[in-house]
1. For the Cα atoms of the chain, what angle does the longest principal axis make with the long axis of helix 132-145, in degrees from 0 to 90, nearest 10?
2. Charges at C-beta only: +1 for Lys and Arg, -1 for Asp and Glu. How large is the resulting dipole of the range 47-103 about its Cα centre, in Debye rounded to 20?
3. Sorting check: for 122-129, 41-48, 102-109, which peptide has the highest mean count of neighbouring beta carbons within 10 Å, and how do the rest follow?
4. Rounded to the nearest 20 debye, what is the charge dipole size of the chain about its Cα centre when +1 sits on each Lys and Arg Cβ and -1 on each Asp and Glu Cβ?
5. Would you mind calculating the gained length between H29 and N8 on full extension (0.36 nm times residue separation, minus the Cα-Cα distance), in nm to one decimal?
6. Under unit Cβ charges (Lys, Arg +1; Asp, Glu -1), what dipole magnitude, rounded to 20 debye, does the range 1-85 have relative to its Cα centre?
7. Translational diffusion coefficient, Stokes-Einstein: compute it for the range 106-147 using the Kirkwood radius over C-alpha pairs as Rh, at 4 °C and 1.567 mPa s, and state it as an integer in µm² s⁻¹.
8. Report the percentage of all Cα-Cα pairs in the chain whose separation exceeds 25 Å, rounded to a whole percent.
Amino acid sequence: MDLRISSNGINLIKKFEGFSSVLYDDVGHPAIGYGQDLTSDQAKFYKGKTITEQEATVLLLNHLVGIESCINKNVKTTINQNQYDALCSFTYNVGAGGFANSTLLKKINNKDYAGAANEFSKWNKVNGKDHPGLTARRAKEKTLFLT
């Protein structure tokens with residue numbers, strides 16, 4: 001499999017990540033742009049600087065290369081573009097390791113697409129507590145996955 005994220009998938013990520021032109025704390029991790037987590041060295045570089053939405057989009061697209069690689073490597077069955085876009089949004093948020101070790105992936109690879117869709121909602125917590133923004137994001141990803 002060698003799909004690429006569509007503009008629909010990119011817009012979904014942008015919508016739920018939101019845009020920040022300056023460095024901010026993302027649940028204990030430095031981030032900028034559209035939820036782009038940074039290393040401590042990268043955070044030092046961006047400290048006191050602002051970026052444009054165009055620059056944030058470049059960071060997002062660069063990060064998506066690894067996300068796409070993870071999905072293309074780990075999904076062993078055929079999925080459609082909407083399913084792929086939903087997985088890109090999910091993996092962008094939970095990380096490649098989270099996706100690669102998830103029951104969601106196992107169910108996809110067993111062609112249990114309905115079961116896989118039901119896994120999205122389990123990933124809605126921050127520090128063990130339900131998070132309204134993640135609950136909404138997971139619902140949208142599930143709906144897209146089932147489309």
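1. Helix 132-145 and the main axis of the chain meet at about 50 degrees.
2. Values: 4 positive and 4 negative charges, 44 e Å.
For this selection, approximately 200 debye.
3. On the way: 122-129: 11.0, 41-48: 12.6, 102-109: 18.2.
My ranking of the peptides, most packed first, is 102-109, 41-48, 122-129.
4. Details: 18 positive and 14 negative charges, 78 e Å.
For the chain, the charge dipole is close to 380 debye.
5. Working: separation 21, 0.36 × 21 = 7.56 nm, distance 2.67 nm.
That works out to 4.9 nm of additional length.
6. Numbers: 8 positive and 10 negative charges, 18 e Å.
In debye, rounded to 20, the range 1-85 gives about 80.
7. Details: Rh = 10.6 Å.
Here the translational diffusion coefficient equals 122 µm²/s.
8. Working: 2862 of 10731 pairs.
Here the tail beyond 25 Å accounts for 27 percent of pairs.
Bear in mind these aren't lab numbers, they're just calculated from the coordinates by the rules spelled out. Worth saying up front: this structure is predicted, and the values here are computed from it rather than measured. Heads up, the Cβs are rebuilt from the backbone with ideal geometry, glycines too, and the neighbour counts pull from every protein chain shown.
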